[in-house]
Amino acid sequence: MAKRKAPRRKKMPAPFEADVLRLTQEGRAVVEHDERVVYVGNALPGERVEVHVHNRWQGHGEGRAMAVANPSDERVEPICAHFNNCGGCALQHWAPDAQVAFKAGVLDDLISEHGGTQAQQTLAPLRGPHHGYRRKARMGVRWVAAKERVLVGFREAASGFLAVIDDCQVLDPRVGLHLQDIAAAIRQTTIKDRIAQIEVACGDQAVALIFRVLDPPTQQDQARLVELGKRFGYQIWLQPKGPETTHRIYPLTGPELLSYEHPEYGLRMLFHPHDFTQVNAPMNHQMMTQALDLLELTSSDRVLDLFCGLGNFTLPIGRTAAHVVGVEGNEAMTERGRLNAQRAGMQHVEFHAADLTESIDDKPWARGGFNKILLDPARSGAGDVLAALNLDGVEKIVYVSCNPVSLAKDIAILRGRGWTLTHAGIMDMFPHTAHVESMAAFVREDLNG
């Protein structure tokens, strides 16, 4: 049988100079070269940059600015020495104030384009720390035999390979400053080439590392990882296959759930390392305060919290409202919500698991006479549930969004059902990335006086 030829690597054009024309809504600079659009990282509007192309397709290319002839006044020195190589952050070269203004502009443009309106009042951007904020992450692991080195971190900006980094300034420092120590522990195992990734989950008091192992570790391998856990206070977990196979090997006793506090509400939220939680704790507190302010809660309110997770909003709402129902598609998360409600002594707070892409009007708990709704959907938005949900008697809706495109489209759905967008604004949950989180509030048109 004839040997199959290896695919020929596309020849990249020589580096060239070009003027940055604009930024896309994803924060990538746009230049033109050889009658082709090239999307460029590490570049800002108005700059003339030297572009090195690393990917090329029929209609466009991708590259990175490796030299800048006339730096923008908004250009700053990246906080991380690995910025030009690592793809974990895209905007560290841009002043934080400018990043926030850009994200606010993206939200406004999308609401106009897809929602066909603008908010009556723009919320001031919510802002927090610019580094050391990220409490949840999934890091790649790779054994490079030729260099006898283990890499731990994120993909390169210009390829799918893992970047060579020694630390991460954006990760929680309990992890981000110890990537070399984690790599050293993996290097001492016999399965250093069979660990695919590490999932990081940080609570207020403890940090969990979940090692995705493709082959079973030996007792000595486990001992090496346990030593890492003892040295830095990490919980060490192994995941041989799917999430249901995840188990902790250190410590062997004590509570397995991590936690974070809502001190202003007297709440301690327990969560499993695999559970979804907000990555930025300071921003989560600000987000909570703003959402509850927009709801204008009273002691007689009956509130429906859709896509509620483990109760991040549900339980703080329950400190004021008469009755709260949290609904989430993940049964394990609703179980965690019930546990947190029980620990807080909140008998008037319920949690239910349901598919929110289907009608919920036939559910007994959905006929609760709700007068206010909060929703915090995934990136796909809440179009299905908003189009079908019975909104009779509802006075106010607060929408927390992780995707401005789906939010804008859902605004159009609500406007078509007689709702007015009263407030909208961004939350800089992921500084140094183009990711836009936002919040919007609505009232029924007949109540909008």
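Can you work out which of the residues in segment 107-131 that are in contact with a helix residue (DSSP H, G or I) (Cβ under 6 Å, 6 or more places away or on another chain) and surrounded by 18 or more Cβ atoms within 10 Å (Cβ to Cβ) is nearest to Gln286 (Cα to Cα)?
Leu126
Of all residues in segment 317-329, count the ones that are surrounded by fewer than 21 Cβ atoms within 10 Å (Cβ to Cβ) and under 15 Å from His352 (Cβ atoms). Steps first, answer last, please.
Keep residues of segment 317-329 that are surrounded by fewer than 21 Cβ atoms within 10 Å (Cβ to Cβ), which gives 319-320, 322-323, 329.
Checking the rest, the ones that are also under 15 Å from His352 (Cβ atoms) come to 323, 329.
Selection size over segment 317-329: 2.
Out of (1) without any contact (Cβ under 8 Å) to a residue 40 or more places away in the chain; (2) under 18 Å from Leu171 (Cα atoms), the odd one out for Leu238 is which?
Evaluating Leu238 over (1) without any contact (Cβ under 8 Å) to a residue 40 or more places away in the chain; (2) under 18 Å from Leu171 (Cα atoms) leaves (2) as the failure.
Looking for something part of a strand (DSSP E or B), at pLDDT below 90 and under 22 Å from Gly87 (Cβ atoms) - is there at least one such residue anywhere in segment 46-55?
Step one: of segment 46-55, the residues part of a strand (DSSP E or B) are 48-55.
Still in the running and at pLDDT below 90: 54-55.
Pick out the ones that are also under 22 Å from Gly87 (Cβ atoms) and you get 54-55.
Yes, segment 46-55 has at least one match.
For the structure I just gave you, tell me whether Leu252 is surrounded by fewer than 22 Cβ atoms within 10 Å (Cβ to Cβ) and under 16 Å from Leu339 (Cβ atoms).
no
Quick one: would you say Glu264 is surrounded by fewer than 24 Cβ atoms within 10 Å (Cβ to Cβ), modelled with pLDDT under 95 and more than 17 Å from Lys396 (Cα to Cα)?
Here the answer is yes, as Glu264 does meet what is asked.
Which residue out of Val100, Val68, Val106 is of a type in the set (Val, Ile, Thr), in contact (Cβ under 8 Å) with a residue 24 or more places away in the chain and closer than 27 Å to Phe161 by Cβ?
When all the criteria are applied, what remains is Val68.
Which of the residues spanning segment 246-260 are in contact with a Pro (Cβ under 8 Å, 6 or more places away or on another chain) and over 19 Å from Val213 (Cβ atoms)?
Answer for segment 246-260, where residues must be in contact with a Pro (Cβ under 8 Å, 6 or more places away or on another chain) and over 19 Å from Val213 (Cβ atoms): just Leu258.
Output yes when any residue across segment 63-80 is exposed (fewer than 15 other Cβ atoms within 10 Å of the Cβ) and in contact with a Lys or Arg (Cβ under 6 Å, 6 or more places away or on another chain), and no when none is.
Yes, some residue in segment 63-80 is exposed (fewer than 15 other Cβ atoms within 10 Å of the Cβ) and in contact with a Lys or Arg (Cβ under 6 Å, 6 or more places away or on another chain).
Checking Ala440 against (1) closer than 30 Å to Ser259 by Cα; (2) part of a loop (DSSP other than H, G, I, E, B); (3) at pLDDT 95 or above; (4) among the hydrophobic types (A, V, I, L, M, F, W, C), which single condition isn't satisfied?
(2) is the only condition that Ala440 fails.
Val38 - would you say it is free of Cβ contacts under 8 Å to residues at least 40 places away in the same chain and part of a strand (DSSP E or B)? Working first, answer last.
Values: free of Cβ contacts under 8 Å to residues at least 40 places away in the same chain: yes; part of a strand (DSSP E or B): yes.
Criteria met by Val38.
From the set of residues in segment 161-199 that are assigned to a strand (DSSP E or B) and at pLDDT 95 or above, which is nearest to Arg134 (Cα to Cα)? Explain how you work it out, then say what you get.
Our first condition is that a residue be assigned to a strand (DSSP E or B); within segment 161-199, this holds for 162, 171, 195-199.
Filter once more, keeping what is at pLDDT 95 or above: 171, 195-199.
On the way: Leu171: 5, Ile195: 22, Ala196: 21, Gln197: 17, Ile198: 15, Glu199: 12 Å.
Here the answer is Leu171.
Kindly indicate whether Gln239 is modelled with pLDDT of 95 or more, touching a helix residue (DSSP H, G or I) at 6+ places or on another chain (Cβ under 7 Å) and over 20 Å from His178 (Cα atoms).
yes
Looking at segment 198-222, which of its residues are more than 11 Å from Pro240 (Cα to Cα) and surrounded by 15 or more Cβ atoms within 10 Å (Cβ to Cβ)?
Selection gives Ile198, Glu199, Val200, Ala201, Cys202, Gly203, Ala206, Val207, Ala208, Leu209, Asp221, Gln222.
Regarding segment 45-54, can at least one residue be identified that is outside the structural domain of Pro173 (by TED's automatic domain parsing), free of Cβ contacts under 8 Å to residues at least 40 places away in the same chain and exposed (fewer than 12 other Cβ atoms within 10 Å of the Cβ)?
Scanning segment 45-54, I find no residue that is outside the structural domain of Pro173 (by TED's automatic domain parsing), free of Cβ contacts under 8 Å to residues at least 40 places away in the same chain and exposed (fewer than 12 other Cβ atoms within 10 Å of the Cβ), so the answer is no.
Being touching a residue at least 24 places away in the same chain (Cβ under 8 Å), of a type outside the set (Phe, Trp, Tyr) and assigned to a loop (DSSP other than H, G, I, E, B) is the requirement here; does Ala124 meet it?
Numbers: touching a residue at least 24 places away in the same chain (Cβ under 8 Å): yes; of a type outside the set (Phe, Trp, Tyr): yes; assigned to a loop (DSSP other than H, G, I, E, B): yes.
Spelling it out, Ala124 is indeed touching a residue at least 24 places away in the same chain (Cβ under 8 Å), of a type outside the set (Phe, Trp, Tyr) and assigned to a loop (DSSP other than H, G, I, E, B).
Select the strands (runs of 3 or more DSSP E) contained entirely in segment 200-269, then report the ones holding at least 2 residues which are outside the structural domain of Met346 (by TED's automatic domain parsing), under 24 Å from the mean Cα position of the chain (by Cα) and among the hydrophobic types (A, V, I, L, M, F, W, C).
By residue number, 207-213, 234-239.
Just to verify a result, which residue in segment 2-32, among those that are touching a strand residue (DSSP E or B) at 6+ places or on another chain (Cβ under 8 Å) and modelled with pLDDT under 90, is surrounded by the most Cβ atoms within 10 Å (Cβ to Cβ)?
Pro13
Which numbered condition trips up Ala441, out of (1) within 19 Å of the chain's Cα centre (by Cα); (2) among the small types (Gly, Ala, Ser); (3) within 18 Å of Asn284 (Cα to Cα)?
With (1) within 19 Å of the chain's Cα centre (by Cα); (2) among the small types (Gly, Ala, Ser); (3) within 18 Å of Asn284 (Cα to Cα) applied to Ala441, the lone miss is (1).
Identify, please: which residue in segment 274-316 is assigned to a loop (DSSP other than H, G, I, E, B) and touching a Leu at 6+ places or on another chain (Cβ under 7 Å) and is, among those, surrounded by the fewest Cβ atoms within 10 Å (Cβ to Cβ)?
Among those residues, the one meeting the criterion is Asp275.
The values are calculated or read from the model by the stated rules, or taken from the named source; none is laboratory data. Just so it is clear, the model here is predicted, and its values are computed rather than measured. Note that we place each Cβ from the backbone using ideal geometry, even for glycine, and neighbour counts take in every protein chain shown.
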